[in-house]
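What follows is a set of notes on a single structure, which appears directly below.
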Amino acid sequence: MKLKSFEDLLCWQKAYELSKNTYIVMKTCRDYSYRDQLQRASVSVMNNIAEGFERSSQKELKYFLFIAKGSCGEVRSMLILGSDLGYIKNEEFEKLSSLAIETSKLLAGFIKKIQ
């Protein structure tokens, strides 16, 4: 099956879900610098997948997928901090962390497939 758009990619769909849920969970967080950094990192995951897909070469796609994977790590790191600081409830932390890990695994698999 030929993928027609980045929206068809499961890794992008999971990254979108991660971003959307991050925004929902952080809606009432009053530590604006923390909230903004976490939201930017989560959006970076989905946007780098999209940008890489829209580029003209496998090399560029792979480059942007690695950036997206790195942003997944940043999200997970920020989630741990947010949980420890009491910004994120345990249930929310588990959901977002699981989404970040799943997205990262999907990215790793996609990178391996296109190499």
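For region 50-63, state whether one or more residues are modelled with pLDDT of 95 or more and in contact with a Lys or Arg (Cβ under 7 Å, 6 or more places away or on another chain). Yes, the conditions are met somewhere in region 50-63. Counting only residues that are free of Cβ contacts under 8 Å to residues at least 40 places away in the same chain and either farther than 12 Å from residue 111 by Cβ or of a type in the set (A, V, I, L, M, F, W, C) (or both), region 60-69 holds 3 of them.
Of the residues 77, 57, 44, 71, only one is buried (at least 21 other Cβ atoms within 10 Å of the Cβ) and of a type outside the set (Asp, Glu); which?
Numbers: 77 fails: buried (at least 21 other Cβ atoms within 10 Å of the Cβ); 57 fails: buried (at least 21 other Cβ atoms within 10 Å of the Cβ); 44 fails: buried (at least 21 other Cβ atoms within 10 Å of the Cβ).
When all the criteria are applied, what remains is 71.
Close contacts from region 30-50, counting a first residue that is more than 15 Å from residue 100 (Cα to Cα) and a second that is buried (at least 18 other Cβ atoms within 10 Å of the Cβ), with Cβ to Cβ under 6 Å and a gap of 6+ residues or different chains, come to 35/26; 50/6. Taking the criterion of being aromatic (Phe, Trp, Tyr) and surrounded by 16 or more Cβ atoms within 10 Å (Cβ to Cβ), the residues of region 1-34 that qualify are 6, 12, 16, 34. Looking only at residues in region 1-52 that are under 17 Å from residue 89 (Cβ atoms) and among the basic types (Lys, Arg), the one that is farthest from the chain's Cα centre (by Cα) is 30.
Go over the candidates 102, 92 one by one and state the one that is buried (at least 17 other Cβ atoms within 10 Å of the Cβ), touching a residue at least 12 places away in the same chain (Cβ under 8 Å) and more than 30 Å from residue 115 (Cβ to Cβ). Before the answer, list the steps.
Values: 102 fails: more than 30 Å from residue 115 (Cβ to Cβ).
Unique residue meeting the criteria: 92.
The values are calculated or read from the model by the stated rules, or taken from the named source; none is laboratory data. Not measured: the values here are computed from a predicted model. In this analysis, Cβ positions are derived from the backbone assuming ideal geometry, glycine residues included, and neighbour counts consider all displayed protein chains.
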